[in-house]
Amino acid sequence: MRGGGLWQLGQSITRRLAQADKKAVGRRYFASEADQKKTVLYDFHVANGGKMVPFAGWSMPIQYKDSIMESTVNCRQNGSLFDVSHMCGLSLKGKDCVPFLEKLVIADVAALAPGTGTLTVFTNEKGGAIDDSVITKVTDDHIYIVVNAGCRDKDLAHIEAHMKSFKAKGGDVSWNIHDERSLLALQGPLAAPVLQHLTKEDLSKVYFGEFRITDINGALCFITRTGYTGEDGFEISVPSENAVDLAKAILEKSEGKVRLTGLGARDSLRLEAGLCLYGNDMEQHTTPVEAGLNWAIGKRRKAEGGFLGAEVILKQLADGPKVRLVGFTSTGPPPRSHSEIQDEKGTTIGEITSGGFSPCLKKNIAMGYVKSGSHKTGTKAKILVRGKAYDGVVTKKPFVPTKYYKPS
Amino acid sequence: MHFLNSLAVVKDFKYADSHEWVKVDGKTATVGITDHAQDHLGDVVYVELPEVGAAVNQGSGFGAVESVKATSDIYSPVSGDVVEVNKELNNSPGLVNSSPYEKGWIMKVEIKDDSELKNLKNSDEYAKFCEEEDAKH
């Protein structure tokens, strides 16, 4: 038994690589394990049965004692606690931080009410995605940003370069990278009730996308009602010295119902919720329009542009993009990244970018790019897995209904 | 069955380094993946079965096992012709996890050359092999 591909490499600590050439890859991999960064919860993960794997330069838990399937189902039935400290949190400050950021992202940052945030995309000159990110306007002169771990160096270099030229022209903006903080994600139906035990903040008034700076379990935390699972929940930025205590308190208050959950289940959950994974479903050469994120382009931004790659993006909004990211369900083995998509006649129409077996739906789900015209829900297709074609159909996302906490 | 580090091996079966087992009964060999393999794979969601009548060769891929996150190729521990496949796995791929040596069997092969069996490990050798592999991680 052996496998190939990124996830399998990440799982090699729990999987056997039987062939000699694969063993060589395995050995090189293990020699570099010492170079992996550790979050402050590393020992806590190991003590709780975490299976650690390298991920974007960090040693992270892919799962704990329960299986990825059990973890995923438990998140939606009860709740999950994720250590996402590998992601990079930063604050932009200064009276011009809003116009500064608007040059780099597609969001209407000016229109965000203080204490609210949104998913956005950092674009390049060709309109392609540098990264996706959750940005929050704390106040008019403070924006809190979270970017992907795998894009940290790239994103920070990009922001820094633009900051330099902005300041040279007299703009007032500075930044603070929150390496002194750790990030936890608490997701699922028990997230709010459990977190409420640990804070005086009235969480019933904190809606999806909203932000607060508040005391949680005796530490000053930033909380955003958001996540990467489709469930109600929070991302909690906590001073690193308080992170382990906060994690313990959350698990204790839930009486074991909220479980530590790893990256394996996190990926299943986000796929079920129809959310993009940067590096798979979105890359340097995919635009937000192609990725189905038209809604994230602010209305005023669509009219005015003023962000990197705006000409390309506005043209796609006018003419329609040539390819689109859509969801699929299929029979047979789960489609994986790079599986070819064909129409019923066998002509190639696209490629899968993410796929797997949905633990909650008990069927295959996937996302992929298809040429426009073949993207409508219900379009029948064929998906090639290991040379054989299996039936697929374009399916609306999210695959599992979302439970975002919104005002009624 | 006996247990080593809580994972089972069956005494009279033969084992490949790639974690498949074979039970030989005269000229017929039943093949599956071991408890060690299913434990590391996690929940099996799909098994790609070979075609009945197909030829398989010792050490060559004959199918695949899919878990939630990963695809694993499986290698035949024997050479011969596939005479039967476990169709139950189409409806219940989880049998590979719950019963890797019995209900989770994958294929039956009519062996051409039983001298090839000496290339495989016995249950003690395989258990030791797994222990050594696990110790490396």
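Please treat every number below as a calculation from the coordinates, not as lab data. Being a predicted model, the structure only gives us computed values, none of them experimental. Don't worry about glycine lacking a Cβ; one is built from the backbone with ideal geometry, like all the others, and counts go over all protein chains shown.
Per-residue shielding of A:280-286, expressed as the average number of other chain Cβ atoms within 10 Å of the residue Cβ, stands at 0.
Checking the cross-link pairs A:K376/A:K403; A:K205/A:K299; A:K137/A:K205; A:K315/A:K362; A:K51/A:K248; B:K69/B:K118 against a 29 Å limit on the alpha carbon distance flags A:K315/A:K362; B:K69/B:K118 as lying beyond it. Sequentially through segment A:312-321, phi angles give Karplus couplings (6.51, -1.76, 1.60; θ = phi - 60°) of 5, 5, 5, 5, 5, 5, 6, 8, x, x Hz, Gly and Pro residues having no value and appearing as x. Loop only per DSSP, at most 14 neighbouring Cβ atoms within 10 Å: give me the GluC sites (Glu not before Pro) in segment A:37-139, ordered by residue number. Passing both the DSSP loop test and the Cβ count: A:E125. The slack between A:E180 and A:D140, meaning 0.36 nm per residue of separation minus the straight C-alpha distance, is 12.1 nm.
Three principal axis extents describe the C-alpha atoms of chain B; from largest down they are 39, 34, 23 Å. Once Rg and the Kirkwood radius are both taken over the C-alpha atoms of segment A:233-372, their ratio Rg/Rh works out to 1.08. Taking a straight line from the alpha carbon of B:K27, these aspartates and glutamates sit under 17 Å away, with near neighbours fewer than eight places off in the same chain left out: B:D12, B:D81, B:E84, B:E110, B:D113, B:D114, B:E116. Over segment A:91-133, one equal point on each Cα, no solvent: what is log10 I(q)/I(0) by the Debye formula at q = 0.15, 0.23 Å⁻¹? Scattering profile of segment A:91-133, log10 relative to I(0): -0.37, -0.83.
Translational diffusion of chain A was estimated from the Stokes-Einstein equation, with Rh taken as the Kirkwood radius over Cα pairs; at 10 °C and 1.306 mPa s the coefficient is 72 µm²/s. Farthest towards the positive end of the charge dipole of segment A:330-408, among the residues A:A389, A:V400, A:H338, is the Cα of A:V400, using unit charges on the Cβ of Lys, Arg, Asp and Glu. Of the trypsin sites (Lys or Arg not before Pro) in segment A:180-282, the ones in a loop by DSSP (not H, G, I, E or B) with at most 11 other beta carbons within 10 Å are A:K200. Going from the fewest other Cβ atoms within 10 Å to the most, the residues B:S60, A:S59 appear in the order B:S60, A:S59. Sites listed here are chymotrypsin sites (Phe, Trp or Tyr not before Pro) in segment B:1-81 whose DSSP assignment is loop and whose Cβ has at most 10 other Cβ atoms within 10 Å, and the list is empty.
Extending 7 Å from Cα along the Cβ direction at B:D81 and again at A:A47 yields two label points whose distance is 6.2 nm. Other residues with beta-carbon under 13 Å from the beta-carbon of A:K126 carry, at +1 per Lys or Arg and -1 per Asp or Glu, a net charge of -3.
Quote the FRET efficiency, to the nearest 0.05, computed for A:E125 versus A:E255 with a Förster distance R0 of 35 Å and r equal to the Cβ-Cβ distance. E between A:E125 and A:E255, to the nearest 0.05, is 0.10. The sum of -39500 (n - 2.57) across all DSSP H runs of n ≥ 4, divided by the residue count of the protein assembly as shown, sets its helix-only mean residue ellipticity at 222 nm to -6500 deg cm²/dmol. Label zone of A:T377 (point 7 Å out along Cα→Cβ, amide N under 17 Å): in segment A:394-408 this covers A:394-403. The mean number of partner chain beta-carbon atoms within 10 angstrom of a residue's beta-carbon across peptide B:42-54 is 3. Here A:K345 and A:N294 are evaluated by their C-beta separation; at R0 = 22 Å the FRET efficiency comes out at 0.15.
Take every pair of alpha-carbon atoms less than 8 Å apart whose residues are at least six positions apart; their mean separation over the length of segment A:278-408 yields a relative contact order of 24 percent. Residues B:L7, A:L269, arranged from fewest to most other Cβ atoms within 10 angstrom of their Cβ, appear as B:L7, A:L269. Summing charges over neighbours of A:L325, with a neighbour being any other residue whose Cβ is under 15 Å away from its Cβ, gives +2 when K and R count +1 and D and E count -1.
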